[in-house]
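The values are calculated or read from the model by the stated rules, or taken from the named source; none is laboratory data. Because the structure is a prediction, the values reported are computed rather than measured. Note: ideal-geometry Cβ built from the backbone for every residue, glycine included; neighbour counts use all protein chains shown. Keep in mind that these areas ignore ligands, DNA and RNA; they rest on the heavy atoms of the full protein, side chains included. Shrake-Rupley method; radii C 1.70, N 1.55, O 1.52, S 1.80 Å.
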Amino acid sequence: MVNISSDQAHTGGAVRKAVLLTGFFCCQNGMAAEVTWLKTDWPPHQITTGVYQEQGTFDVLQKLVVAGLPHLTHQIKVVNLQRLEQAFLQNSQGVCSFGSLFTEERAKTRWYSKAVAVLPGLAVHFRQYSDLKQHQAVQTNGSVDVRQLAQDKKLTGVYQPNRFYPSSVMDAAQHANFIPQEFTSQINAAALLLSKRVDYVVEYPERMAFYLKQNQQQEQGQQLQSLVVSDASPYVVSYITCNKSPQGQQVIAQINKVLEGLWQESDYKTAMFHWVDEETKSRLESAYAEVQQQVLASSGLVKP
């Protein structure tokens with residue numbers, strides 16, 4: 001059985017919903033009997049409202065994982081990214097989330113599963129006919145030094161706060177014209193850009209593609225351009241994490257067993273790339289194969 005609850009945060013009169021999949025575990029014979037997951041309103045990975053509700057990449061992948069754990073009771077709660085991060089700083093109540101990036105700092109307070117997804121790396125997005133492509137922050141290899149871009153006071157950029165970023169983005173966040181902004185099902189990153197309220201957005205490509213589709217600007221001929229962030233990986237690997245409560249490590253072990261099977265199924269890959277365009281899928285094929293082999297090899301399994 002899956003139960004869902006939500007918290008709503010109000011900022012400047014706008015309701016910002018976020019879903020936090022928390023996990024607390026009730027022990028029975030030394031094993032976890034209950035897992036309460038946390039998830040955020042982070043389309044297209046996790047979508048909590050609108051036409052595509054529960055159709056996000058991590059929404060669907062999580063359902064496949066949960067289906068492989070029928071002996072556990074699963075609960076879901078909705079909160080924001082800041083509260084999600086705070087939840088991992090305590091161990092009295094177990095918490096888990098789907099789709100976390102790995103950092104050494106996070107590893108101090110949480111257990112990591114095997115990989116659950118591989119998706120495109122971070123990019124800078126701007127309007128199609130913007131002069132930004134000729135900006136001095138654009139490197140010879142076509143990537144963008146966000147640190148240098150943020151130093152240009154004539155430009156305004158935005159980014160999603162309370163997330164892990166490469167050092168150039170973290171340094172850029174010290175500048176007043178590089179503004180933190182929550183992007184949710186209600187707050188559209190592409191709309192901010194196309195309405196010329198900002199000059200560029202630092203975000204993942206599939207997120208911007210989703211917002212562009214949601215904003216229905218493609219049909220009107222409006223397009224975005226994207227360049228990769230200079231010190232970001234061309235792809236990112238995501239994991240399930242549980243905090244270091246007494247039962248967290250046991251739950252991760254059970255999740256890993258399920259993942260070993262799912263990475264061998266074509267439906268899992270299809271769900272992973274559902275919101276990724278065909279060109280990006282082709283670029284990700286080698287990364288997908290590499291991560292798949294890592295998941296299976298660590299279990300003594302090899303994908304032919």
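Here are the numbers for this structure:
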read-out: Members of the range 49-84 that are crowded, with 22+ Cβ neighbours inside 10 Å, of a type in the set (S, T, N, Q) and not in a helix (DSSP H, G or I); value: ASN80
read-out: Residue check, GLY23 small (Gly, Ala, Ser), modelled with pLDDT of 55 or more and over 26 Å from SER167 (Cα atoms); value: no
read-out: Qualifying positions in the range 221-250 - touching a Gly at 6+ places or on another chain (Cβ under 7 Å) and in a helix (DSSP H, G or I); value: GLY248
read-out: Residues (part of a helix (DSSP H, G or I), in contact with a helix residue (DSSP H, G or I) (Cβ under 6 Å, 6 or more places away or on another chain) and either more than 15 Å from GLY121 (Cβ to Cβ) or polar (S, T, N, Q) (or both)) located in the range 160-169; value: SER168
read-out: Residue match in the range 122-129 (condition: among the small types (Gly, Ala, Ser), touching a residue at least 40 places away in the same chain (Cβ under 8 Å) and either in a loop (DSSP other than H, G, I, E, B) or open to solvent by less than 50 Å² (accessible area, probe 1.4 Å) (or both)); value: yes
read-out: Selection count where residues are polar (S, T, N, Q) and either in contact with a Ser or Thr (Cβ under 9 Å, 6 or more places away or on another chain) or open to solvent by less than 10 Å² (accessible area, probe 1.4 Å) (or both), scope the range 247-270; value: 1
read-out: Tally, over the range 90-109, of residues that are in contact (Cβ under 8 Å) with a residue 40 or more places away in the chain, part of a loop (DSSP other than H, G, I, E, B) and either more than 16 Å from TRP37 (Cα to Cα) or touching a Lys or Arg at 6+ places or on another chain (Cβ under 6 Å) (or both); value: 5
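One line per residue, one yes/no per condition, for (1) open to solvent by 20 Å² or more (accessible area, probe 1.4 Å); (2) under 20 Å from the mean Cα position of the chain (by Cα); (3) within 26 Å of VAL66 (Cβ to Cβ); (4) of a type in the set (Asp, Glu):
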{"site": "TYR159", "(1), (2), (3), (4)": "yes, yes, no, no"}
{"site": "GLU182", "(1), (2), (3), (4)": "yes, yes, no, yes"}
{"site": "LEU193", "(1), (2), (3), (4)": "no, no, no, no"}
{"site": "LEU227", "(1), (2), (3), (4)": "yes, yes, no, no"}
{"site": "LYS244", "(1), (2), (3), (4)": "yes, no, yes, no"}
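This table checks each residue for (1) at pLDDT below 90; (2) closer than 23 Å to THR57 by Cβ; (3) surrounded by fewer than 16 Cβ atoms within 10 Å (Cβ to Cβ); (4) in contact with a strand residue (DSSP E or B) (Cβ under 9 Å, 6 or more places away or on another chain).
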position: TRP111; (1), (2), (3), (4): no, yes, no, yes
position: LYS133; (1), (2), (3), (4): no, no, yes, yes
position: ALA137; (1), (2), (3), (4): no, no, no, yes
position: ASP145; (1), (2), (3), (4): no, no, no, yes
position: ASN162; (1), (2), (3), (4): yes, yes, yes, yes
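Residues are listed down the side, and each one gets a yes or a no for (1) part of a loop (DSSP other than H, G, I, E, B); (2) charged (D, E, K, R):
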site: GLN148; (1), (2): no, no
site: ASP152; (1), (2): yes, yes
site: VAL158; (1), (2): no, no
site: ASP171; (1), (2): no, yes
site: ILE187; (1), (2): yes, no
site: ALA190; (1), (2): no, no
site: LYS196; (1), (2): yes, yes
